[in-house]
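J.: Sharing a structure below in C-alpha cells format, with a few things to ask.
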Amino acid sequence: MHLDNPQQLIDWHDKIIAKQKKIKKKILVCCGPGCLANGAQDIIDKFKTVLKEKKISGFTVEALKETGCHGFCEQGPLVVMEPKGLYYTKVKVKDVEDIIEQSIKNDKIIDRLLYNDPQTDKKIERYQDIKFYSHQKKVVLNNLGNINQCNIEDYIANDGYQALSKVITSMSPQKVIDTITKSGLRGRGGAGFPTGRKWATCRKVESDTHYVICNGDEGDPGAFMDRALMEGDPFSVLEGMTIAAFAVGAKQGYIYVREEYPLAVVNLQKAIEIANEKGLLGDNILGTDFSFNIKISRGAGAFVCGESSALMKSVAGEVGEPRAKYVRSVVKGLYDRPTVLNNVETFANVPIIIRKGASWYQKIGTPKNSGTKAFSLVGKVRNTGLIEVAMGTTLREIIYDIGGGIIDDRPFKAVQTGGPSGGCLPASKLDLPVDFDSLNEAGSMMGSGGMIVMDDLTCMVDVAKYFLGFLVNESCGKCVPCREGLYQLHALTVKVSEGKAEEADLEKMEKLSEMVIIGSLCGLGKSGPNPLLSTIKYFRDEYMAHIRDKRCPAGVCRALITYKITDACTGCMACIAPCPTNAITGKKNEMHVIDQELCTKCGACFAVCRYDAILVS
Amino acid sequence: MKHNLDKLSAIFNRYPQNRESLIAVLQDIQKEYHYLPEEALQATAKTLDVPLSKVFSVATFYNAFSHYPRGEKIIRICVGTTCHIRGAHLVQEQLENRLNIKAGSTTKDLKYTLETVNCVGACSQAPVVIVNNKYYGHVKVSDAKKLLRSK
C-alpha cells in the first residue's frame, strides 16, 4: 500500500496497533553485533523450524522478532520474552525447544538461562531489574531491543514516522530548525556542534541543490553504536534524514556506511526500498510536493573518510583526502553544494525530538549537553555492551553501576574515549560527568561513543603506541606534519616501549605533538597526538618506569619483560606444543623451564596455562 | 593471471556509469574476484569514462582493495582497540608464525590470506577473528590451529 496522504498513515498505524494487540506473547531474539557473532542467527533458524513443527495455540512465527542490539552483549545470545520481560542469557540452539515448551507453552521459567547477579549471587528474571539496564536511560536506542529490524509495521507501531508526518503537515522548515535548535541537540559524531545551527546555516545558502549526508563511517575502533542503530533501527535514521532534508531544502541524501559493516548496508537498503514503496521516501512523500531520495554509499576502509570533507570526496568516487575548510562543507560540501552532514545517532534523535518536543528533550542531561548519549562499553569491564545514558552521568556510574566494575576485580587504570582522537582518563577522573565539554577539558573527547575500559594489565605506553600506529597507517598523507610527525611520534613510543628512550624524548614527543596539532589540516592530525599527550599527562610514572627503570609495570612491552615458570607448575605439558620456538622443555609431572634465549615472549604459554604458573615480570 | 571478465558487464550495469559509481564498482569487482585484476581496472576506466590513473589512485588509496590474488580462506584479525588490549596482536603473531607469512599477504599456494581489520564492531567478543565471514569471538592464542582448520 502506497500512502498518499498523512491520514492514511494514521489509519495504517491504528490498524497495525489493533493487529499487534492480538499478539499476547512475543519472543525477542537479539541480533545485534555481539549476539550475531555468537550465533544468534542459528537460534532464530531453530525457533522458526520448531515453531513450524509444533503448533502452539495463540503463538505464531509472527510473534518471533529478530531485534537489533538489546545491549548486554557480554551475556549474549539474548532471548527476551515480552510482555513480562523474562530474560534469558547465553542461549544456545539446544535451549530453543525448552524455551518454547516451558516458557511459551507453560509459562514456566527456565532457571539455568537466567542472569546471575555476581554481587548477590541471585538469579534475576526480568531484565529491567538488572543493574546493567536499570541505570540506563534509553531514548535513541529504545527501539533496538524491541522491534523487528527491518519491519516498518513495528517501527510505525512504536510511533515511527509520526514526526515526519507532523513536520510535513504542520511545520515550516524554519520551525523544524527552531525546534532542533531549542532542544540543544549537538552532533553525536564527536565534536558536538549544535545541529540546529548547522541546519540553519545550510538552509540560508542559496543553491540549486542541497544535500543531506548521514555519516555512518564509525571509524573509531572500539565503537559500534552506529552499527547497532543502522542495523537494528534503520527507519529512525531514514526518518531523521528526511526531516533534515525538509528543513534545509534537500532532495538528495546519502548514507555513507563503512565497508566493515555489510549487514548495515543490507538492512538500510531494505529499509530504503520499503520506505520508497510506502511513500515515506522518494517522490511526493505522503502525497505532498516534498520529495527526497536516499542513496547508500559504501566506504572502502579508510579511517580518514570519517572526516567531513574526505567523506564527501569519497561519496563522489574520489580519493578521500580532506581539504582546508576556510569555507565549511555546510556551505560548500558535496559537489560544492551546501551539505548537512550529521552522524547516525544525531539523525536518530531527530524524530524523537520532533515528536516529544524540544522542552522534553532539553530536560534530559545537563543544560549545555541535553539528551542522552549511546556508548559501547567495552574492554576490561565486566558487563560489556551497548548502553545509553543521560549526558552528565559520571564515568564511575557507567563503569561501576552499569559496567559492574573491572573483570576479575582488578584495579581500574584508565578509560579511553574518543578513539584515536581521544584520550585516556585515569582513576582520579572517575567522577567526571560525561559530556562534550567536560571530556574536552580533561584532555579527551566524546568521539562517537567508544568507551574502552583498561585495567592494570594494560600498558599506557603500549596504548599510545597502538593509536599512533593506527594513525600512521590511516593518515592520508596530504599534510607533512601529520604524515611524518605521527610517524616520528610512533617511532618514539616504540623506543620507549623497548626501554631505549631517554627522559629528553618525552619533551621531544610533547613538542612534536604540538607541531602536528598546529600544522595538520583535518581532525585526524589535529587530534592524533591526543592519546599520547593524555597518557603522558596522566601516566607519566609509567613512561618513566620504561625510560629509567627499563621496566613495563603492566607486563606488556615485550622488550622489557620475561616469562618464567614458577613452582605452581604441575608439569601438564599444555604449554609445550603452543610455543612457536620450542623454548619450553620439561617432562610430564615435572616443572617446565623456559629457555630465555629462545623465548620470543609471544604469550602463548601464558594463555594456555591453567595453573597460573607462568609469571610475567 | 587470466580471468574470465564476463561478469564485469553485469557489475557495470548495476550502477549509473559515472565517476560517482567508481568505488561501488571496484567493491563489486573485489567481491567477485577477491582482488582487483589489472584488466578489470582497465575496463572500469573505459566504461565509467574515468582516466586509468584516477582509477588506480582510488584503488590504491582504500584499504578494502587488494591488488594481488587472495587465498581460498581469508582470515581477518580484528585489531581494534578492544581486541588489541585483549591480546589480538598475540593471536596475529601465532597465525603469522603458523602460516609463515605476515598479515596483509597470501600463502604461495593461495590457500590462506591473512589480514588485519581496524574494527568490526563486535568488541564485546574481543579478540575477534573472522574466517571467510564467520566470526570467532574470545579467541585465545592457543586457538590458532583451530582457526586455520575451520571451514
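The values are calculated or read from the model by the stated rules, or taken from the named source; none is laboratory data. Owing to the predicted nature of the structure, the values given are computational and were not obtained by experimental measurement. Backbone-built Cβ (ideal geometry, glycine too); neighbour counts: all protein chains shown.
J.: In the set B:Leu90, B:Leu110, B:Leu114, which member is away from every other protein chain (no Cβ under 11 Å) and touching a helix residue (DSSP H, G or I) at 6+ places or on another chain (Cβ under 8 Å)? Outline the logic, then answer.
T.: Details: B:Leu90 fails: away from every other protein chain (no Cβ under 11 Å); B:Leu110 fails: touching a helix residue (DSSP H, G or I) at 6+ places or on another chain (Cβ under 8 Å).
Just one listed residue meets the conditions, B:Leu114.
J.: Run down A:Val248, A:Val257 and say which single residue is touching a residue at least 12 places away in the same chain (Cβ under 8 Å), out of contact with any Gly (no Cβ under 7 Å at 6 or more places or on another chain) and either surrounded by 22 or more Cβ atoms within 10 Å (Cβ to Cβ) or of a type in the set (Ser, Thr, Tyr) (or both). Steps first, answer last, please.
T.: On the way: A:Val257 fails: out of contact with any Gly (no Cβ under 7 Å at 6 or more places or on another chain).
None of the other options fit; the residue is A:Val248.
J.: If you scan region A:284-302, which residues turn out to be over 24 Å from A:Leu341 (Cβ atoms) and out of contact with any helix residue (DSSP H, G or I) (no Cβ under 7 Å at 6 or more places or on another chain)?
T.: Here is the first cut: in region A:284-302, the ones over 24 Å from A:Leu341 (Cβ atoms) are A:284, A:286-289.
A:Asn284, A:Gly287, A:Asp289 - these are the residues of region A:284-302 that are over 24 Å from A:Leu341 (Cβ atoms) and out of contact with any helix residue (DSSP H, G or I) (no Cβ under 7 Å at 6 or more places or on another chain).
J.: Further question: Taking B:Ile75 as the residue in question, decide whether it is touching an Asp or Glu at 6+ places or on another chain (Cβ under 9 Å), more than 13 Å from every other protein chain (Cβ to nearest Cβ), closer than 21 Å to A:Gly219 by Cα and surrounded by 16 or more Cβ atoms within 10 Å (Cβ to Cβ).
T.: Values: touching an Asp or Glu at 6+ places or on another chain (Cβ under 9 Å): yes; more than 13 Å from every other protein chain (Cβ to nearest Cβ): yes; closer than 21 Å to A:Gly219 by Cα: yes; surrounded by 16 or more Cβ atoms within 10 Å (Cβ to Cβ): yes.
Yes, satisfied.
J.: For region B:117-139, what are the residues that are part of a loop (DSSP other than H, G, I, E, B) and either more than 16 Å from B:Lys73 (Cβ to Cβ) or more than 9 Å from chain A (Cβ to nearest Cβ) (or both)?
T.: Step one: of region B:117-139, the residues part of a loop (DSSP other than H, G, I, E, B) are B:118-122, B:126-128, B:132-133, B:137-139.
If the condition is that a residue be part of a loop (DSSP other than H, G, I, E, B) and either more than 16 Å from B:Lys73 (Cβ to Cβ) or more than 9 Å from chain A (Cβ to nearest Cβ) (or both), then B:Asn118, B:Cys119, B:Val120, B:Gly121, B:Ala122, B:Ala126, B:Pro127, B:Val128, B:Asn132, B:Gly137, B:His138, B:Val139 are the ones that fit.
J.: Residue pairs, Cβ under 7 Å, 6 or more apart or interchain, first in region A:276-300 and outside any loop (DSSP other than H, G, I, E, B), second surrounded by fewer than 16 Cβ atoms within 10 Å (Cβ to Cβ) and of a type in the set (Gly, Ala, Ser). List them.
T.: Hits for this filter: A:Gly282/A:Ser291; A:Ile285/A:Ser291.
J.: Something else now. So if I check each of A:Gly477, A:Gly485, which one is outside any helix (DSSP H, G or I) and small (Gly, Ala, Ser)?
T.: From the options A:Gly477, A:Gly485, the qualifying one is A:Gly477.
Conditions tested, residue by residue: (1) under 26 Å from A:Cys214 (Cα atoms); (2) part of a loop (DSSP other than H, G, I, E, B); (3) over 21 Å from the mean Cα position of the chain (by Cα); (4) among the acidic types (Asp, Glu).
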| position | (1), (2), (3), (4) |
| --- | --- |
| A:Ser329 | yes, yes, yes, no |
| A:Ala348 | yes, no, no, no |
| A:Phe375 | yes, no, no, no |
| A:Glu388 | yes, no, no, yes |
| A:Arg396 | no, no, no, no |
| A:Asp401 | no, no, no, yes |
| A:Gly404 | no, yes, no, no |
| A:Asp408 | no, no, yes, yes |
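Yes or no, residue by residue, for (1) out of contact with any Ser or Thr (no Cβ under 6 Å at 6 or more places or on another chain); (2) assigned to a helix (DSSP H, G or I); (3) at pLDDT 90 or above; (4) surrounded by 14 or more Cβ atoms within 10 Å (Cβ to Cβ):
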site	(1), (2), (3), (4)
A:Ala504	yes, yes, yes, no
A:His546	yes, yes, yes, yes
A:Cys569	yes, no, yes, yes
A:Cys572	yes, no, yes, yes
A:Cys605	yes, yes, no, yes
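J.: I need the full set of residues from region A:192-242 which are away from chain B (no Cβ under 14 Å), of a type outside the set (A, V, I, L, M), assigned to a strand (DSSP E or B) and crowded, with 24+ Cβ neighbours inside 10 Å, in order please.
T.: A:Cys214, A:Asn215, listed by residue number.
J.: Sticking with this one: Give me the pairs, please: first residue somewhere in region A:325-337 and outside the structural domain of A:Met312 (by TED's automatic domain parsing) and surrounded by fewer than 15 Cβ atoms within 10 Å (Cβ to Cβ), second residue anywhere and in a loop (DSSP other than H, G, I, E, B) and of a type outside the set (Val, Ile, Thr), beta-carbon distance under 6 Å, and either six or more positions apart or on two chains.
T.: Between residues of region A:325-337 that are outside the structural domain of A:Met312 (by TED's automatic domain parsing) and surrounded by fewer than 15 Cβ atoms within 10 Å (Cβ to Cβ) and residues that are in a loop (DSSP other than H, G, I, E, B) and of a type outside the set (Val, Ile, Thr), there is no close pair.
J.: Here's a follow-up. Condition (residue is within 28 Å of the chain's Cα centre (by Cα) and closer than 18 Å to A:Leu229 by Cα) applied to region A:56-66: is it met by at least one residue?
T.: Filtering region A:56-66 down to residues within 28 Å of the chain's Cα centre (by Cα) leaves A:64-66.
If we keep only those that are closer than 18 Å to A:Leu229 by Cα too, we end up with A:65-66.
Yes: one or more hits.
J.: If you check A:Phe292 against the conditions, is it of a type in the set (Phe, Trp, Tyr), more than 13 Å from chain B (Cβ to nearest Cβ) and within 22 Å of the chain's Cα centre (by Cα)? I'd like the intermediate steps shown before the answer.
T.: Details: of a type in the set (Phe, Trp, Tyr): yes; more than 13 Å from chain B (Cβ to nearest Cβ): yes; within 22 Å of the chain's Cα centre (by Cα): no.
Here the answer is no, as A:Phe292 does not meet what is asked.
J.: So which residues in region A:303-321 are within 22 Å of B:Asn18 (Cα to Cα), assigned to a loop (DSSP other than H, G, I, E, B) and touching a Cys at 6+ places or on another chain (Cβ under 9 Å), if there are any at all? Walk me through how you get there before you give the answer.
T.: Taking region A:303-321 and keeping what is within 22 Å of B:Asn18 (Cα to Cα), we get A:305, A:309-321.
Now restrict to residues that are assigned to a loop (DSSP other than H, G, I, E, B): A:316-321.
Selection gives A:Val319, A:Gly320, A:Glu321.
J.: In region A:440-466, which residue that is outside any loop (DSSP other than H, G, I, E, B), more than 10 Å from chain B (Cβ to nearest Cβ) and out of contact with any Ser or Thr (no Cβ under 6 Å at 6 or more places or on another chain) is surrounded by the most Cβ atoms within 10 Å (Cβ to Cβ)?
T.: For region A:440-466, the residue satisfying everything is A:Asn440.
J.: Let me ask something else about it. Looking at region B:31-47, can you tell me whether even one residue there is surrounded by fewer than 16 Cβ atoms within 10 Å (Cβ to Cβ), outside the structural domain of B:Gln17 (by TED's automatic domain parsing) and under 18 Å from the mean Cα position of the chain (by Cα)?
T.: Scanning region B:31-47 turns up no residue that is surrounded by fewer than 16 Cβ atoms within 10 Å (Cβ to Cβ), outside the structural domain of B:Gln17 (by TED's automatic domain parsing) and under 18 Å from the mean Cα position of the chain (by Cα).
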